[in-house]
Amino acid sequence: YGSSTVGGHVGVEAIGTMMRGFFTKCPNVHWEVAPGGYKMANETTVEFDFVRTGVPNAEGRDTRQTGTEMVRYKKDESSGEFKIAQVSVTVHDTQVL
């Protein structure tokens with residue numbers, strides 16, 4: 001998991017710890033994706049642009065952020081199921097509310 005907000009985290013335990021901390025710090029976080037905003041970047045990757053609110057800045061003030069999230073999938077050879085292999089989140093702009 002890689003994010004311009006929370007940095008890089010590898011493995012289920014590290015990602016879970018990061019997520020719990022993020023949602024504790026940002027209990028009112030909310031994402032919006034425009035209808036039809038999900039697109040296939042290639043055969044194993046979905047991308048979407050988002051607007052996110054409820055993430056406080058260093059002074060504790062809420063922000064409105066725009067960004068892009070990319071989710072890459074990999075087929076599990078034993079089960080045949082597709083599983084998340086990588087998530088990348090990039091914030092492009094932050095405005096204080």
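The values are calculated or read from the model by the stated rules, or taken from the named source; none is laboratory data. This one's a predicted model, so the numbers in the text were calculated from it and none came from an experiment. Neighbour counts run over all protein chains shown; Cβ positions are idealised from the backbone, glycine included. Protein only, heavy atoms only, side chains kept; ligands, DNA and RNA dropped before computing areas. Shrake-Rupley method; radii C 1.70, N 1.55, O 1.52, S 1.80 Å.
Restricting to region 74-93, and then to whatever is more than 15 Å from the chain's Cα centre (by Cα) and in a strand (DSSP E or B), can you tell me which residue is modelled with the highest pLDDT?
Only one residue tops the list, namely LYS74.
Can you name the condition, by its number, that VAL71 falls short on among (1) under 13 Å from the mean Cα position of the chain (by Cα); (2) at pLDDT below 95?
Going through the list (1) under 13 Å from the mean Cα position of the chain (by Cα); (2) at pLDDT below 95, VAL71 breaks only (2).
Got a sec? Which of VAL29, VAL51, VAL46 is under 15 Å from the mean Cα position of the chain (by Cα), within 20 Å of PHE82 (Cβ to Cβ) and free of Cβ contacts under 8 Å to residues at least 40 places away in the same chain?
VAL46
Of a type in the set (A, V, I, L, M, F, W, C), more than 14 Å from THR94 (Cβ to Cβ), at pLDDT 95 or above and open to solvent by 70 Å² or more (accessible area, probe 1.4 Å) - does that describe any residue in region 45-56?
For region 45-56, residues of a type in the set (A, V, I, L, M, F, W, C), more than 14 Å from THR94 (Cβ to Cβ), at pLDDT 95 or above and open to solvent by 70 Å² or more (accessible area, probe 1.4 Å): absent.
Taking region 38-72 as the region of interest, how many residues are in a loop (DSSP other than H, G, I, E, B) and on the phi > 0 side of the Ramachandran plot?
Residues in region 38-72 being in a loop (DSSP other than H, G, I, E, B) and on the phi > 0 side of the Ramachandran plot: 1 in total.
For region 8-37, enumerate the residues that are loosely packed, with under 11 Cβ neighbours inside 10 Å and assigned to a loop (DSSP other than H, G, I, E, B).
VAL10, GLY11, PRO27, ASN28, ALA34, PRO35, GLY36
Being open to solvent by 40 Å² or more (accessible area, probe 1.4 Å), touching a residue at least 60 places away in the same chain (Cβ under 8 Å), polar (S, T, N, Q) and closer than 18 Å to GLY2 by Cα, is that true of even one residue in region 75-93?
Within region 75-93 (the criterion being open to solvent by 40 Å² or more (accessible area, probe 1.4 Å), touching a residue at least 60 places away in the same chain (Cβ under 8 Å), polar (S, T, N, Q) and closer than 18 Å to GLY2 by Cα), the answer is yes, since at least one residue qualifies.
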